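Down below is the structure, laid out as structure tokens.
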Amino acid sequence: MIRASLLCASLFVAAANLTYAQSPSTPPSAEAPAPRDWQSLSPQQQHLLQNYQDKWSSLPAERQQALARGSQRWLSMTPDQRSSAQQRFGQWRSMPPEQRQVVRQRWQQFKSLPPEQQQRVRESFQRFRQMPPERRSELRQQWRQMSPEQRRNIIQRAAPRAPPPPPPAPRPHGR
């Protein structure tokens, strides 16, 4: 349980920090996106993106699309979600570039997991988040004190194992 919680916490904290730091919310398509006209944005989006108005037409189409998606996502958030997103973005911006790179790599590792494993990680992380703060601190401290080899062993042991093969079908008697 501790091993799974530590693994999940590490992966999910990295994923949570990256959720709002990465601009595209949809996978990039094979085709280059068409540029967006400033007037195609809603008045609320234009207000949010007003600092880009003068240079909007000179931005690459991918950047325009990412900004438009991000502004739409922002507008759909509740005040609590916005506050949380601002806090995470502040944390992201305060990270040194090397730490951001580690977080990006962990996010890619998480995204490369099969959906079932991603769900298990999310569930384990939720269990971790529901622990008392003191217990979470203890687990974090234990994780920090482990050697890389100990961490690898824990991660390997916490990884789901393939179920055993089904028993062979019974053979009919008398043959």
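What follows is calculated from the coordinates using simple rules that are stated; it is not laboratory data. Since we're looking at a predicted model, the values are computed, not measured. Using ideal geometry, Cβ is built from the backbone for each residue, glycine included, and neighbour counts are taken over all protein chains shown.
Can you run phi through the Karplus equation (6.51, -1.76, 1.60; θ = phi - 60°) for region 49-59 and list ³J(HN,Hα) in whole Hz, with x for Gly and Pro?
Calculated HN-Hα couplings, in order: 9, 4, 5, 9, 4, 5, 9, 3, 5, 8, 6 Hz.
How far apart, in nm, are the 7 Å Cα→Cβ label points at L113 and R144?
Taking the simple label geometry, L113 and R144 are separated by 2.3 nm.
Report ³J(HN,Hα) in whole Hz for each residue of region 80-92, in order, from the Karplus equation J = 6.51 cos²θ - 1.76 cosθ + 1.60 where θ = phi - 60°; Gly and Pro get x.
Along region 80-92, the couplings run 5, 5, 5, 4, 4, 5, 4, 5, 5, 5, x, 4, 4 Hz.
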